[in-house]
6 protein chains.
Amino acid sequence: MNGSGGMLRADGRRKDQLRPIKITRNFIKHAEGSVLIEMGDTKVICTASVEEKVPPFLKGKGTGWVTAEYSMLPRSTHDRSPREAVKGKQGGRTLEIQRLVGRALRAVTGMDQMGERSIWIDCDVIQADGGTRTASITGAFIALADAFTTLKTRGLIKKRPLTDYLAAVSVGKVGGEILVDLAYVEDSAAEVDMNLVMTSKGQFVEIQGTAERTPFAKQDMDGFLAQGWSAIQTLTNLQRDLVGALD
Amino acid sequence: MNGSGGMLRADGRRKDQLRPIKITRNFIKHAEGSVLIEMGDTKVICTASVEEKVPPFLKGKGTGWVTAEYSMLPRSTHDRSPREAVKGKQGGRTLEIQRLVGRALRAVTGMDQMGERSIWIDCDVIQADGGTRTASITGAFIALADAFTTLKTRGLIKKRPLTDYLAAVSVGKVGGEILVDLAYVEDSAAEVDMNLVMTSKGQFVEIQGTAERTPFAKQDMDGFLAQGWSAIQTLTNLQRDLVGALD
Amino acid sequence: MNGSGGMLRADGRRKDQLRPIKITRNFIKHAEGSVLIEMGDTKVICTASVEEKVPPFLKGKGTGWVTAEYSMLPRSTHDRSPREAVKGKQGGRTLEIQRLVGRALRAVTGMDQMGERSIWIDCDVIQADGGTRTASITGAFIALADAFTTLKTRGLIKKRPLTDYLAAVSVGKVGGEILVDLAYVEDSAAEVDMNLVMTSKGQFVEIQGTAERTPFAKQDMDGFLAQGWSAIQTLTNLQRDLVGALD
Amino acid sequence: MNGSGGMLRADGRRKDQLRPIKITRNFIKHAEGSVLIEMGDTKVICTASVEEKVPPFLKGKGTGWVTAEYSMLPRSTHDRSPREAVKGKQGGRTLEIQRLVGRALRAVTGMDQMGERSIWIDCDVIQADGGTRTASITGAFIALADAFTTLKTRGLIKKRPLTDYLAAVSVGKVGGEILVDLAYVEDSAAEVDMNLVMTSKGQFVEIQGTAERTPFAKQDMDGFLAQGWSAIQTLTNLQRDLVGALD
Amino acid sequence: MNGSGGMLRADGRRKDQLRPIKITRNFIKHAEGSVLIEMGDTKVICTASVEEKVPPFLKGKGTGWVTAEYSMLPRSTHDRSPREAVKGKQGGRTLEIQRLVGRALRAVTGMDQMGERSIWIDCDVIQADGGTRTASITGAFIALADAFTTLKTRGLIKKRPLTDYLAAVSVGKVGGEILVDLAYVEDSAAEVDMNLVMTSKGQFVEIQGTAERTPFAKQDMDGFLAQGWSAIQTLTNLQRDLVGALD
Amino acid sequence: MNGSGGMLRADGRRKDQLRPIKITRNFIKHAEGSVLIEMGDTKVICTASVEEKVPPFLKGKGTGWVTAEYSMLPRSTHDRSPREAVKGKQGGRTLEIQRLVGRALRAVTGMDQMGERSIWIDCDVIQADGGTRTASITGAFIALADAFTTLKTRGLIKKRPLTDYLAAVSVGKVGGEILVDLAYVEDSAAEVDMNLVMTSKGQFVEIQGTAERTPFAKQDMDGFLAQGWSAIQTLTNLQRDLVGALD
């Protein structure tokens, strides 16, 4: 009798339910776009900073650039993690995440319509409870849209060069069940961990799935894609409400 | 008629007036002590993390250790600053500030009464508008006191080993006038910039004064010390209200 | 009339056809397992080195560890790439690939049955023509199996603790067509680039798909998975022929 | 009966007495200005090197720049200290000192009167017995003045653009007594350690005071300032004798 | 009766005998010149890459540049060596060898006749059994000559600007006997280890000799030079056969 | 009529003549052995520091270790050189020289007779005019001998475990003439540059010769060895006078 929507998770959520989402815009006054995104206890500050130049490989080509950096405050995690600036380099996980965030945002940005300028996305996790990379993408999209609004208001661009809304969610298999938006305690027990980055039209921008313990079957894959897409829709609907229609 | 308390600053403050202060405790759920301190538009997350070991030079001596790290989010500043983890090292200013924060807190901590454990203080600036190092110290003291409260609650220490309240404030000379708690626009125009770290009993823990443009006279020094002490009292009174009497 | 198996690729391959594969075992005399894998013009030396200790976090737990490192010779690529040892750090792409290789191999290794020892996998690309990460995984599995055979011959383990054969392949969408095992010229023109890591039983170990230019639809995803699985079977059959049955 | 000038220090000095000072000019033949300064057993080589360009942020502004670097030979200290070039970075103390030296010299230099050129100050401690940063400043001023003399002799500047003589001294509280120019054995036992950088006219350029063990009172502060100023006068008088009147 | 050519070495060689030499040209398809050189079990990939620019210090001088980099695959050695890219820097031995290789090649190159372009030599050891630096030089000369042939074929230079053939060999004293081309087992037991870099005309380009255990006498020196020169002739004759006459 | 001893060098020296040598012992008070060696205008501080432990690879073997580090003050050279601690790593030339110095000293040290302790040799060039590496070796030998004398005086060793005196000199070919002990102006014009490290008994410890422009002939080699040995004798005789007979 306990259907796929039944109560079973530690925080009382249904298997297919996202955590409570809270978006605070204009969180950092200096940035052209800035958002505090909270997915349950996961909290990330996403800022979008405009720089009036492009990397050397794009100079003179009339196109722009979007790039991202990611970091966690040392005590955003349960135990304190050493600071990467002290260790003298960014770790593999950090590089992997920030490359993902930048790549995903570029996939929905018309970089040839933003002028020869760069937008730097900074995702700084201040409290972590699983899903920091997906929250970063969902929040960064809003910060990016707001930065484009700022540029439009300043008369520097005619329209926001965004082709679609973009959100991300984690799905996973825990104790044989498919769950969406895993909290840390679920994530660390997951047999499979998958991150989906999709648009509001249901198209894929990025898929990353890992068998943490044992390889998984095709039917699990199908379940992940279905559940993930359902959750993505909730997120992109929220983005549409917040940043308005894309021209 | 315009006395030393007259209106003259950009944000409407009197020369001897602190910016509005807001302290949010338990800001990060994982940390033993955590505070968001806001001094006007300057916002710093201060966390205190307990680690059950001490640095090698203290091993087996029955004493504890308090140390600090400091960082600014890239877009905490007016223009985006490069991330130190990307540059591969902490800059001189960062090292100077975090050494100052750690040294100041140790001066009011009875390290022989906290057991062989370390407390890591992390001061992460999320929005900067001048006075980030002094806000860090004032906020970190509260996070430290709260971490000691946590240890006491867990039965690991008998009492909080703090000898006095500790706060910091900037004073400076701008346009020939002595001002307290300089905002960024004032700080960048200052002829002299001084940071005072003092206890609630009026004792000095640290003084750092720099003639940014032209050397300054003894009577300026006297003015800085008097104005600074007055402001420190407001801050340590607030600390007493929040963390309670020290045993 | 030109079906999915028709001639259309620059090197005369069918869309679903792998490049010629050549495996040279015992390529480096010092290593416990070593393979030169050639997939067309992509050539990677994979070695497996046994070290009689485990990382600190596993000490005393009676379990082993498998980890990987990846590098490209400076002139393995069309233009010479700067050497990472000279730049002073491994780049994000390198870290991402070597994390993937290690994770994938661990998913088919019974680490609790290999004793407290580590196996270091080194994948060094000596000539690159697309698909270096997938060739690394396919070749590294053989080097790993050979290293386990060496350990078994020395009487250090009873059986090779491998749960299944493991191979990887790239699939992508180029000019609207789904292709497998992309050569560099195809890869750089791809709209979508996906890497699949699967076992001989058809289970997924890792999936990484990226929309390089435009988001892709669910039906493309289905095509990638089908074509990829078909190619994986060819590779794992080859592995079975070479390393023999897993006990 | 033991007044403030009474005998009490390990090396027989009065409390307010500087150690013997020896200045050897033109110590390194290549440098435009170079000095070996000896304060007792503390010996520092200070060189001033002219470079005919300025940092990027000053390019084209018609102004010059003065900057400093500091280092200690590994065996300048009682026990050998690891070499920073081997560790791969300058430590926090080193960065703090060299920032101080550069800032202090700039405060007495008319940088808009020296042309678009930089002067690099190098302070290399060859033997350390306390007070290396203050000796560095006092010696570096002379090297800087000599480098300006060289530039004037070469017809590159009209006059030495120095606004005043500049010296530094340490003061501290040891066993309840205020001492000037602390030797290492005194410094390591000090309750308070303060460094003063002042001009010959009695103006402050920098003050840095630290309660090493216990916070200190306002009356201590007053004592430090008085004793320090007295010692500074001896040093700036010596500088005037050596480098001559400033125009 | 056991003359200087008698059988005495572990691999059956005479004291004055080189190991079997195998040269595979065009080993890496992308490079302008590339060679796999095998001296017994020592195997090195040498590539020569043309870059159409010169280092800053040569810009506009109408002259070219030849430089070299050296590396060993982690498992080229008996035990796995840590990867320099992971350690974050090239070690002293690596730097020493690559400086030697570049210097030696420049000594036989007419850099004023190659145009304003650089040739990067990469020597990557894939299997090591002693003499990797000398094999690198001997092989790199061939790769360099082939790169010049490529440039000539492309009409970018009139003739290959090489003044003589260039080879290198190790000589050493092991158990009181002088041996040439030491294998690893000999090298690690050697009392003296010397590397000679010479031209086909018998001139010296580089000599590096080290008493590993005990200083050696003049008569040993004479023996090293004689035996080394004899071996060099074999190598430069081989080079002449392969790359043809130098104009 | 101008024989090999005729006047021809810029500083009035004969071709076979060393520059004036000055040795100041006990130059740094903290070190167990310390020497300022001056060879003309080349000045190097050599210290020998005793550390009561050995590197990990020697632990428990009852033998000691001698190692060396080398550095140049930024303005020891004609133009200021960037500080290696600022660049974040030691350069190739530095590593090469310090490896040479350590290796040479170990060749005359009975490391099994010095107890499980290390001696760190630091060679810091304060003024450079050619021949800094050879002056470093000649001076470091004296510092090492003095450190052993200190250990003997403290009763920690019975005798100084040195097998012979050790000195180094440069020889070169400039304008077709063989010169010894090249000053910077000669060194930078040399066709061949060779460094010899020899003992007082005429045995070789190290030879490093480089054809800077054109390869050189066997007869030049013979000349270098003869002239170098003659100069070495002067240096080792001086060492014998200073440190006394070796037991």
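The values are calculated or read from the model by the stated rules, or taken from the named source; none is laboratory data. From a predicted model like this one, the values you see are computed outputs, not experimental measurements. When we count neighbours, we look across all protein chains shown, and the Cβ atoms used for this are built from the backbone with ideal geometry, even at glycine. When the accessible area is computed, the model is the full protein with side chains, heavy atoms only, and any ligands, DNA or RNA have been set aside. Shrake-Rupley method; radii C 1.70, N 1.55, O 1.52, S 1.80 Å.
Its Cα gyration tensor gives region F:1-143 an equivalent ellipsoid, and the semi-axes of that ellipsoid, as √(5λ) in whole Å with the largest first, are 31, 19, 14. In this structure, residue E:41 and residue F:150 have a Cβ-Cβ separation that, at R0 = 60 Å, corresponds to a calculated FRET efficiency of about 0.80. In nm, what does the list of distances from residue E:158 to its counterparts in the other copies look like, shortest first, when each label sits 7 Å along Cα to Cβ? Counterpart label points of residue E:158 in the remaining copies fall at 5.7, 5.7, 7.4, 7.8, 9.5 nm. With the whole protein complex present, residue F:47 retains an accessible surface near 10 Å², based on a 1.4 Å probe. Averaged over peptide C:114-122, the number of partner chain Cβ atoms lying within 10 Å of each residue's Cβ comes to 1.
Using θ = phi - 60° in the Karplus curve 6.51 cos²θ - 1.76 cosθ + 1.60, the 3J(HN,Hα) couplings for region C:147-158 round to 5, 5, 4, 4, 4, 5, 4, 7, x, 8, 9, 7 Hz; x is entered for Gly and Pro. For region E:142-183, list residues with backbone N below 12 Å from a point placed 7 Å from the Cα of residue E:117 toward its Cβ? Output list for this probe position: E:147-161. With θ taken as phi - 60° and the Karplus curve 6.51 cos²θ - 1.76 cosθ + 1.60 applied, the whole-hertz 3J(HN,Hα) list for region A:211-223 is 7, 6, 10, 10, x, 10, 8, 4, 5, 5, 3, 4, x Hz, x standing for glycine and proline.
Counting Lys and Arg as +1 and Asp and Glu as -1 over every other residue whose Cβ lies under 13 Å from the Cβ of residue B:25, the net charge comes to -2. When the trypsin sites (Lys or Arg not before Pro) in region D:77-124 are filtered for DSSP coil states and for at most 15 other beta-carbon atoms within 10 Å of their beta-carbon, no site remains. For residue B:127, the residues 5 or more places off, or on other chains, whose built amide H falls under 5 Å of its own are B:43. The simple Förster model, with R0 at 25 Å and r as the Cβ-Cβ distance, assigns residue F:22 and residue D:26 a FRET efficiency of 0.90. For residue E:222, the solvent-accessible surface computed with a 1.4 Å probe is close to 60 Å², ligands and nucleic acids excluded. Amide H contacts of residue E:64: E:112, E:113, E:114, E:115, E:117, each under 5 Å away and 5 or more positions distant or on a separate chain (H built 1.01 Å from N in the peptide plane; Pro and chain starts excluded). A point 7 Å from Cα along Cα→Cβ stands in for residue A:201, and the other copies hold the same point at 4.0, 7.2, 7.2, 7.2, 8.7 nm, listed in rising order. One chain, two ends: residue D:93 and residue D:58. Fully extended at 0.36 nm per residue, the span grows by 9.9 nm beyond their Cα-Cα distance. In sequence order, region B:68-74 has phi-based couplings of 9, 10, 9, 7, 10, 4, x Hz under the Karplus curve 6.51 cos²θ - 1.76 cosθ + 1.60, θ = phi - 60°, and Gly or Pro positions carry x. For region E:132-227, dividing the convex hull volume of the Cα atoms by the residue count gives 89 Å³ per residue. For peptide C:213-224, the mean count of partner chain Cβ atoms within 10 Å of a residue's Cβ comes to 4.
Among the residues of D:97-105, the average count of other protein chain beta-carbon atoms within 10 Å of the residue beta-carbon is 2. Using the Cβ of residue F:59 as centre and a radius below 9 Å, the other residues enclosed give a net charge of +1, where K and R count +1 and D and E count -1. Accessible area of residue B:78 (1.4 Å probe, protein heavy atoms only, ligands and nucleic acids ignored): about 120 Å². When the pairs E:59/E:89; A:61/A:158; B:22/B:218; E:173/F:158; C:89/E:29 are compared against a 23 Å limit on Cα-Cα distance, E:59/E:89; B:22/B:218; E:173/F:158; C:89/E:29 fall above it. Eigenvalues of the alpha-carbon gyration tensor of region A:114-170, scaled by 5 and square-rooted, set the equivalent ellipsoid semi-axes at 26, 12, 8 angstrom, largest first. Relative to the other identical copies, residue E:175 shows label-point distances of 5.3, 6.6, 7.0, 7.0, 9.1 nm, where the label point lies 7 Å from Cα along the Cβ direction and values run shortest first. Using C-alpha pairs below 8 Å separated by at least 6 residues, the relative contact order for region F:21-243 is 20 percent. Given R0 = 51 Å, the distance between the Cβ atoms of residue B:86 and residue F:163 translates into a calculated FRET efficiency of 0.45.
When chain C is turned onto chain B, its residue with the beta carbon nearest the axis, and that distance in whole angstrom, is C:88, 5. Region C:111-162 and region B:203-232 have Cα centres lying 66 Å from one another.
If you wrap the Cα atoms of chain C in a convex hull and average its projected area over all directions, you get 14.4 nm². Remark: relative contact order (region C:33-156) = 46 percent; criterion is Cα-Cα distance under 8 angstrom and separation of 6 or more residues. Taking only the C-alpha atoms of the protein assembly as shown, the Rg (one decimal) and the largest Cα-Cα distance, Dmax (whole number), read 35.2, 117 Å.
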